[in-house]
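Below is one structure, written out as structure tokens; the observations come after it.
The values are calculated or read from the model by the stated rules, or taken from the named source; none is laboratory data. Keep in mind it's a predicted model, so treat the numbers as computed, not measured. Glycine also receives a Cβ, built like all others from the backbone with ideal geometry; neighbour counts cover every protein chain displayed.
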Amino acid sequence: MDLTHLHLLLNHVPTVGMGIGLGIFLVALIGKSGELKRASLVIFVGIALLTIPTYVSGNGAQAALSKVPEVSKTLIATHEGAALIAFSVIQLTGAVAWLGLWQFRRMSTPPRATIGAVLVLALIAMVLVARAANIGGEIRHPEIRGAQETVTLEGPLGRTIGLFITSQPWAWPACEALHFIGLTLLMGVVLAIDLRMLGIMPGVSFQSLHRLLPWAILGFGINAVTGMLFFVGSPEQYQDNIAFGWKLGLMMLAGANALYFTIFDGVWQVQAGDEVPVMAKAIAVSALVLWVGVMYFGSMLPFIGGAF
């Protein structure tokens, strides 16, 4: 399986997944069901995570399709621009949905502002991802094309941003600096929580550590934004890079690990001095291994995959 096959496997996930999540969310709002709200928020976060490899694998499909003479390069670039906007809104929807899940544990129910923001963002994301999917379908399905190629307001936005990142002498170093700031925020909180689960700092309650989770998610968000800017700026350095593939895969697993602790685990009720359940310790060890793996393969991009 190459990136083209992966993109074909995943490209319907954001569209169908957002539709399912939005449908459940609307039912939850109408029925005033807290459990359905939580379920829909989990779906939004999961879709945000899965949209990352969906978008990244699109560049591999683009490289393969560019070799086909009858395929329009302009239409491919237009699809990439539309997909980038949809990707950005989906990530923002996932971030606010995660905030809602965090608030569920602290307040029993998220504020109306959070619920309203999720609803508005999910509706916008649904429209944008359906638009991007339709443009993508036109690339290889001439039967759904109009008389003229589809033209969007943003045009080849992905290539425009990529050119900006690589042509401005300050842009890439600035993204690198922000990337390491985000990594520091993320790993600082992850280490504090996971080491407490393993018995270090036994005098600290998990209710106190729970307050730090938004800082970890902020760090993850900074890394996701800057990482995508790196990818958009120079996709050829990443799309066939085995180290990048491992980093992305481990990052997806680490995100699922964080989602588990955010929602399903009762460890946050453990008081200072109390012992942590064995399952929580095992998950903490796996989190440390996954994030160390993400950092390792990120550092090995030039050496294993030949980037830069």
note = Checked segment 212-243 for anything farther than 22 Å from ALA77 by Cβ, hydrophobic (A, V, I, L, M, F, W, C) and touching a residue at least 24 places away in the same chain (Cβ under 8 Å); matches are LEU213, TRP215, ALA216, ILE217, LEU218, PHE220, ILE222, ALA224, ILE242, ALA243
ask   = With (1) outside the structural domain of VAL56 (by TED's automatic domain parsing); (2) closer than 21 Å to LEU65 by Cβ; (3) more than 26 Å from the chain's Cα centre (by Cα) as the list, and ARG196 as the residue in question, which single condition is left unmet?
value = (2)
remark   = Reported set for segment 25-71 where residues are surrounded by fewer than 18 Cβ atoms within 10 Å (Cβ to Cβ), among the β-branched types (Val, Ile, Thr) and assigned to a helix (DSSP H, G or I) is VAL27, ILE30
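Considering only helices (runs of 4 or more DSSP H) fully contained in segment 151-260, which possess at least 1 residues that are touching a helix residue (DSSP H, G or I) at 6+ places or on another chain (Cβ under 8 Å) and within 21 Å of LEU50 (Cα to Cα)?
Qualifying helices (runs of 4 or more DSSP H): 157-167, 171-197, 213-233.
Looking only at segment 271-286, count how many residues are of a type in the set (A, V, I, L, M, F, W, C), assigned to a helix (DSSP H, G or I) and within 12 Å of ARG196 (Cα to Cα). Before you say what the answer is, go through the steps one by one.
The initial filter retains those residues of segment 271-286 that are of a type in the set (A, V, I, L, M, F, W, C), namely 272, 276, 278-280, 282-285.
Going one step further and asking which of them are assigned to a helix (DSSP H, G or I), we end up with 278-280, 282-285.
Going one step further and asking which of them are within 12 Å of ARG196 (Cα to Cα), we end up with 280, 284-285.
Number of matching residues: 3.
Looking at LEU185, LEU153 in this structure, which one is surrounded by 17 or more Cβ atoms within 10 Å (Cβ to Cβ) and without any contact (Cβ under 8 Å) to a residue 60 or more places away in the chain? First the steps, then the outcome.
Values: LEU153 fails: surrounded by 17 or more Cβ atoms within 10 Å (Cβ to Cβ).
After applying the criteria, what remains is LEU185.
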ask   = If you go through segment 110-127, how many residues are crowded, with 17+ Cβ neighbours inside 10 Å and either on the phi > 0 side of the Ramachandran plot or not in a helix (DSSP H, G or I) (or both)?
value = 1
Which numbered condition TYR238 fails, given (1) buried (at least 17 other Cβ atoms within 10 Å of the Cβ); (2) modelled with pLDDT of 90 or more = (2)
inquiry  = Looking at ALA97, ALA64 in this structure, which one is aliphatic (A, V, I, L, M) and more than 17 Å from ALA256 (Cα to Cα)?
reply    = ALA64
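Restricting the search to segment 1-54, which residues are aliphatic (A, V, I, L, M), in contact with an Asp or Glu (Cβ under 9 Å, 6 or more places away or on another chain) and in contact (Cβ under 8 Å) with a residue 24 or more places away in the chain?
Answer for segment 1-54, where residues must be aliphatic (A, V, I, L, M), in contact with an Asp or Glu (Cβ under 9 Å, 6 or more places away or on another chain) and in contact (Cβ under 8 Å) with a residue 24 or more places away in the chain: just LEU3.
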task = Kindly indicate whether any position in segment 102-109 is modelled with pLDDT under 90, touching a helix residue (DSSP H, G or I) at 6+ places or on another chain (Cβ under 9 Å) and not in a helix (DSSP H, G or I).
result = yes
